[in-house]
Amino acid sequence: MSKAIFTGTFDPFTIGHASIVERGLKMFDEITIGVAVSKLKHTESEVARRVEAVKSVYQGEARVSVVAYSDLTVDFAHREHATCILRGVRSVKDFEYEREQADINRQLSGIETVLLFAEPQLASVSSTLVRELKFFGRDVTEFLPKTK
């Protein structure tokens, strides 16, 4: 059985994130979405609220679980018995960052990373963009996955 983790702060979880999960489910038997507690990123929502928001998208999907974590991603992967880290890439900038992370994660633990490139129509969708639009009073519904 193959299991991947898909991690991020997900503030908020966007249609781009959901696309990576849906495509990942074609490759892995299970995906655990790890909602990160990060002191390095300024998140708008508390982690419990972010976990619940993501859970509402995957309610009834037995192959997807959602949990918070606050340690190294490789330690989270080990605890979850994951065989792989699943990540999304929107740009060259993302690719460079993800390649460095994949290299260090493999060096630390031997775990591999699978990168999925964003669908072209979703490449500009980011949590940062959605937060900014929301801050200025714009409706962001089109950038958020539907809840079940």
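The values are calculated or read from the model by the stated rules, or taken from the named source; none is laboratory data. Predicted model only: the values in this text are computed from it and were never measured. For neighbour counting, all protein chains shown are included, and Cβ atoms are generated from backbone atoms with ideal geometry for every residue, glycine included. Protein only, heavy atoms only, side chains kept; ligands, DNA and RNA dropped before computing areas. Shrake-Rupley method; radii C 1.70, N 1.55, O 1.52, S 1.80 Å.
List of remarks:
- Evaluation of I85 against the conditions (1) assigned to a loop (DSSP other than H, G, I, E, B); (2) surrounded by 15 or more Cβ atoms within 10 Å (Cβ to Cβ); (3) touching a residue at least 60 places away in the same chain (Cβ under 8 Å) shows that the sole unmet condition is (1).
- Within region 92-148, tally of residues that are aromatic (F, W, Y) and either at pLDDT below 95 or surrounded by 12 or more Cβ atoms within 10 Å (Cβ to Cβ) (or both): 4
- Test: residue in region 9-30 that is among the β-branched types (V, I, T), over 22 Å from E119 (Cα atoms), part of a helix (DSSP H, G or I) and open to solvent by less than 20 Å² (accessible area, probe 1.4 Å): no
- Criterion (surrounded by fewer than 19 Cβ atoms within 10 Å (Cβ to Cβ), in a loop (DSSP other than H, G, I, E, B), modelled with pLDDT under 95 and of a type outside the set (K, R)) met by exactly one of E61, E44: E44
- Flag for V74 being open to solvent by less than 50 Å² (accessible area, probe 1.4 Å), closer than 24 Å to P145 by Cα and of a type in the set (A, V, I, L, M, F, W, C): no
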